[in-house]
Amino acid sequence: MSSRDRVLGRVRRALADVTPDERPYEEAVNRDYLREHGHRTTGQTVELLAENLADYRAIVHRGNAEEVPDLVMRLLAGHGSREVLVPPGLPPEWLSAADVTRIDDRPESTPHRLDRVDSVVTGCAVAIAETGTIVLDGSPGQGRRRISLIPDHHICVVRVPDQVVPSVPQALERLDPARPLTWISGPSATSDIELDRVEGVHGPRKLEVILLG
C-alpha cells in the first residue's frame, strides 16, 4: 500500500459518518462576516491605506502621472541605485527620467544575478486599505514573484483610487486565485525570541509606495 493510499483511506474513514443529506463544506461554512469595517469615502479609504502602509514601515509618496518619473528618479538616486529590475509591462514613462541601467526580467536570470540588482519598480494588482497590504499577481507590469523578493529595494506604484479597496474580501473578488499572488505588508521583517526586529530576511529591506492619483 502506497502513502497515497494510506492518506486517502484515512480521509474516507474520517468522512464515513457524514450523511448524504449534509450540506457540502463550501455551503456549510458561515460566511456572514463583514465585507468592510465601517463606511468610508474614497478619500478616507486612500488615507487609511497610506496610514497602514506607514504603520508597517513602508515609505509612502504621492504624485500624479506627470510627477511620477521625477519621483521615481529621486527615490532611486536616494537609494544609490545603479541597476533597476524592470518587469516587461512596466509603463516606460515611470523610468523615463531615471539615469540607471535597466535589467529586464528574464527566465534565465539567476537569483545571484538578481541579488546584485539595487532596486525593482513594479505596479500592483490591488491595495487593501484596512490591512495596508499590496497584492501582486504576476501581470506584465508586476513581473514574476521573485523579482519583488530578491532586490533589496522595492518601489511599487498604486493607481489611486482604481486599485484601492477597503477590505480583504473585496480584494479577493478582484483577484484570480490561479495566478501567483504575492501579498506584501511593509518591508520584509521578522523578530527573534527577544523581539529584536530584523528587516530584509525574505524580501526587500526597503519598500516605497507611490500613490499615483
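The values are calculated or read from the model by the stated rules, or taken from the named source; none is laboratory data. Nothing here was measured: the structure is a model prediction, and the numbers come from that model. Heads up, the Cβs are rebuilt from the backbone with ideal geometry, glycines too, and the neighbour counts pull from every protein chain shown. The protein model used for the area step is the full one, side chains on, heavy atoms only, and it has no ligands, DNA or RNA in it. Shrake-Rupley method; radii C 1.70, N 1.55, O 1.52, S 1.80 Å.
From the mean inverse distance of alpha carbon pairs (Kirkwood) and the Cα radius of gyration, derive Rg over Rh for the chain. The partial results should precede the final answer.
On the way: Rg = 21.0 Å, Rh = 19.3 Å.
Here Rg/Rh amounts to 1.08.
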Neighbourhood charge, 13 Å Cβ-Cβ cut-off, centred on R144 and excluding it, Lys, Arg +1 and Asp, Glu -1: 0
Residue-normalised accessible area of the chain, given per residue in Å² at a 1.4 Å probe: 59
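Pull out the extension gain between D104 and W183, defined as 0.36 nm times the separation in residues minus the alpha carbon to alpha carbon distance; nm, one decimal.
Details: separation 79, 0.36 × 79 = 28.44 nm, distance 2.26 nm.
In short, 26.2 nm is gained.
Among H39, H202, what's the order by accessible area (1.4 angstrom probe), most exposed first? Present the calculation step by step, with values, prior to reporting the outcome.
On the way: H39 165, H202 120 Å².
I get H39, H202, largest accessible area first.
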Heavy-atom accessible area order for S3, S188, largest first, 1.4 Å probe: S3, S188
MRE, 222 nm, helices only [DSSP H, n ≥ 4, -39500 (n - 2.57), over the chain, to nearest 500]: -7000 deg cm²/dmol
Principal-axis tilt of helix 42-55 within the chain, Cα atoms, nearest 10 degrees: 90
Cα-based helix-to-principal-axis angle, 68-79 vs the chain, degrees rounded to 10: 90
